[in-house]
Every structure is written in structure tokens, then in C-alpha cells.
1. For the range 248-263, what are the residues that are touching a His at 6+ places or on another chain (Cβ under 9 Å), of a type in the set (A, V, I, L, M) and assigned to a loop (DSSP other than H, G, I, E, B)?
2. Which of (1) within 15 Å of the chain's Cα centre (by Cα); (2) under 16 Å from Gly34 (Cα atoms) does Ala298 not meet, given it meets every other one?
3. Can you work out which of the residues in the range 195-214 that are under 12 Å from Val246 (Cα atoms) and without any contact (Cβ under 8 Å) to a residue 40 or more places away in the chain is surrounded by the most Cβ atoms within 10 Å (Cβ to Cβ)?
4. Pick from Asp167, Asp200, Asp211: which is acidic (Asp, Glu), farther than 25 Å from Gln115 by Cα and in contact with a Leu (Cβ under 9 Å, 6 or more places away or on another chain)?
5. Could you tell me which residue of the range 237-249 is surrounded by the most Cβ atoms within 10 Å (Cβ to Cβ), considering only residues that are out of contact with any Phe, Trp or Tyr (no Cβ under 8 Å at 6 or more places or on another chain) and of a type outside the set (Gly, Ala, Ser)?
6. Evaluate the range 250-269: report whether one residue or more is buried (at least 16 other Cβ atoms within 10 Å of the Cβ), more than 19 Å from the chain's Cα centre (by Cα) and aliphatic (A, V, I, L, M).
7. Would you confirm, using the coordinates I've provided, whether Val229 is surrounded by 20 or more Cβ atoms within 10 Å (Cβ to Cβ) and part of a loop (DSSP other than H, G, I, E, B)?
8. Counting residues that are at pLDDT 95 or above and under 30 Å from Glu262 (Cβ atoms), which helices (runs of 4 or more DSSP H) fully inside the range 98-205 reach at least 1?
Amino acid sequence: MPYDVIAFGEAMVRLSPPHFQRLEQARTLDVEIGGAELNTAAGLARLGRKVAWVSRLPHNALGRLITHRVREIGVAEEWVQFAPEGRCGLYFLEFGAAPRPSAILYDRRDSAMAQVRCGQFDWPAILHGAQWLHISGITPALSPGAAEVVEEALNVAQQARVKVSFDLNYRSQLWSREQAATVLARLLPKVELLIASEADAEHLFGITGEDFTEVAEQWVERFGVRIVVGARREASLVWRNRFAAVGYSAGKTVESEWYDVEIVDRLGAGDAMAAGLLHGLLDNDLKKGVHYGAAMGALKHTVPGDLPWLTRDEIEAALHGSSLRIRR
């Protein structure tokens, strides 16, 4: 069955102490799953799009836990491989409250996905009939082998005329600025849509500008991407922010409304924004994508866990300025 979007990346098990506890205090841990590309795939599935997730998981109970959740949220997992070697990545999340920020501790080295090699996925078959391939900068950061597989997938996507969406998602805990800049400079010319922050543009490539439009123009000029999108965030408190999205293509900038958000869990908000963006671009409508992306990103802040357990009705209500009255 052809899919609208194929997402490729790692998923991990997330463990969090309840009630704002520190890890040192914890006696129990809440279990969720999350991964940038999977979160985006889940958001698209919630909007009714046909989407599949490609990954590599350990052949054990944690691998099965992840695939059960993937199926539950409506994402196809037919291309997920179970590996006899490697482990499931974990990360620990401490929820903060002003003035203490939230914090993440990763335990993902030598995961099954980090051990991926070229030739293990049948990319021509996986991408056949798809409109978009979605990957984030986290995946090539996992290992040199993972970076090679990302490039392999992008090359096949180009040959098959499948558009590529790339969420930069720079993670300093995974690779250095120099490593990231070298690998990303090789990948970005194969990308149609780039989701990137202005801070990462400056940190990785020295790209600066007076505003988002100037930065986006330089992304386009340097790497040939066609569309550049970014999230906007104003944070007055750990648990209260303002959130919006902005996009640029062909000399035009599109901005969403600002949303006031009370944060239950901010992880996955950018991935939810990417889902809304791709939803619009599947209809060849960047303006629609930016507005859906902002609404989904804002709403994701209100849902525990990384996955966007949202409904299309909720998203469209947010787009039309829904009230906060209790629904009865």
C-alpha cells in the first residue's frame, strides 16, 4: 500500500519520575515512548494520513512495547526490523519548574538503530508510491553507519522523486558541531523541506540574519532547499510559553498566529508541528501547513508523553480559536 509519508528514525523508551521528582528521589518511573520521526508520523496518522515508520528495534520485550504503541496510534510498522544484536535506547526525563529547567539523561549508546548498515533496508520498495520521506538530524547523529543509511535513503528518494523533509534537530550530546556540519552539508542538498531553528543555523553554519526570512534565504542559497520552516517560542516560565510557526518559500514568508500554551509536556511539540506542516504540504499548501503545524505544536504541549494524542477536531478548533469552556 503506498503511503503519503515514510518516516525513518529511532524510537526510545522514556522513563520519568512522577510529581516533579528528581531521578535521585525516584521510587517509580512513568513509561512512555518517543522518537522525533515517529512522533511526526503519529501526528500525521491522527490527521488521517497514511504513514509508515521505518526503524530497527531489539528483538525483546522493549522492542515489542514500542511496536505495540506504534500500532495503537495508527502508524504502520511493516518496515520495522527486529535485530538480534543491539539494545533499546532509553532516556530519563526530569520535569522542572521555574527556576529549575527540565532535564534529559540519555542512555542510548549501541542501540539496535545505531548499529544499522547500508543495504539492510529495501528503500526502493519502502519508498514506492510515497510522496514524502521524513528524517531528522538525530538519525545521522547516532553513528557513522546511520549517517550512511540516511544518505542511502535520500539518494533513493531523489531517484524515485519522493520529496524529503528534514528536521535539523541538532543534539550536542550526540555529535560535535564540526561532525554535524560536515555530515549535514552532504545531506541538505538532497532536501526539499528543512525545519530548522535560527540558533542552529548560526551555530552549525554561521548563517545569521535580521529576521527569519533572511536566515531562510541563506539556507536556500547555500543548500538549494525549497522550503524552510521554524518554530517560534517565547518562554516566560517553564510551564507557560507562547508558540508559533513561520515558513518561507519562493520569496514569500508565511506566519501563524501565536498560541499561549500551558505546558503539561513540551517534548514532541516540534515533531507535532512537523506533522501539521507535512499535512498542508501534502495538499501543496504551505500556508495551511504552517497554520496546522502551529496548532498541533501548541496542542501537543498539553498532552503527556512524546506522542501527539490529538484529534483532527481539536486541531481545527484550535485553528478557529476554540474556548476553554469544559466540553460536556
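The values are calculated or read from the model by the stated rules, or taken from the named source; none is laboratory data. Owing to the predicted nature of the structure, the values given are computational and were not obtained by experimental measurement. Neighbour counts are summed over all protein chains in view; Cβ atoms, including those assigned to glycine, are modelled from backbone coordinates with ideal geometry.
1. The answer is Ile263, and nothing else.
2. (2)
3. Here the answer is Ala196.
4. None of the others qualify; the one that does is Asp200.
5. Selected residue: Asn241.
6. Yes, the range 250-269 has at least one match.
7. It is false that Val229 is surrounded by 20 or more Cβ atoms within 10 Å (Cβ to Cβ) and part of a loop (DSSP other than H, G, I, E, B).
8. It comes to 138-141, 198-205.
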